[in-house]
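Take a look at the structure set out below.
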Amino acid sequence: GSPGKCLRKTITVSVGEHTSNEVGICFLGVDSVPDRAVSEGLSTGFDLKLAGEPRTEFAAVTLTSSSSTCQIDPTEVFFSSDNWTVPVQVKVVAVENDIDEGEDVTVECIINMTRSDVDQTPQTFRVTVLNDDTAGMNFLIDERYRSRVYALTLMEGSETSVAIVLESEPRGTVNATCVVVSPANTTLHSAVVPFFLTFNSSAWKVPREL
């Protein structure tokens, strides 16, 4: 059979002088699992259940992933003649990598399900992991708190500083220009130093201070 599909064999049935047309026989080791998509850092779950009673005392279903981007829990499930109709919840976690691969970039994990008591091609389903990282910038308020918006009050003649960090690892060099915008009908005399900030993939976690 084809991986992930119903395993098929074609036979011819003869009864006395009568011969049937070719008949397709279909066997699934476990119930089919539909493909799905999930964002980085999140998980998806499904019910794993045997498609037929174990042929030995115990039937073990082993689950593996084609990519380390997807982590499976549990990776092995045991069924017996007493509980083979009871589904077991399996979770697939999409690992958060904090890398901005781009909005249109996905990683595909092929999840293989192999049953120990039958000789079959592993059944599979596909998990598409969606990139959720963008190289946005945050104000670093303290070690625990970051925000895209930060308001402060500054007295005339005084100065203050604020640190800026990227949200995730950039695909390339990120250049940030720092400007002062005056509210309408007001005059704002202030300066930002440095005027230009540069981040790259080797030091994107290092805060830049203004």
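No value in this document is a laboratory result; all are computed from the given coordinates. Source: prediction; values computed, not measured. Neighbour counts are summed over all protein chains in view; Cβ atoms, including those assigned to glycine, are modelled from backbone coordinates with ideal geometry.
Just subtract the alpha-carbon distance of R126 and Q89 from 0.36 nm times their residue separation and send over the number in nm, one decimal.
The R126-Q89 span can extend by a further 11.6 nm.
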For the range 197-210, take each phi angle, set θ = phi - 60°, evaluate the Karplus expression 6.51 cos²θ - 1.76 cosθ + 1.60, and give the result in whole Hz per residue in order, putting x for glycine and proline.
10, 10, 10, 9, 5, 7, 9, 6, 8, 7, x, 10, 9, 9
Charge tally in the Cβ shell below 14 Å around T56, where Lys, Arg are +1 and Asp, Glu are -1, T56 excluded
-3
Once amide H atoms are placed 1.01 Å from N in the peptide plane, what residues at a sequence separation of 5 or more from I99, or on another chain, have their amide H within under 5 Å of its amide H?
E169
Which cross-chain or sequence-distant (5 or more) residues have an amide H under 5 Å from the amide H of V162, H modelled 1.01 Å from N in plane?
L210
Given a Förster distance of 35 Å, the FRET efficiency implied by the Cβ-Cβ spacing of K205 and S158, rounded to the nearest 0.05, works out to 0.70
Residues with amide H under 5 Å of E108's amide H, sequence separation 5 or more or different chain, H placed in the peptide plane at 1.01 Å from N; which?
V129
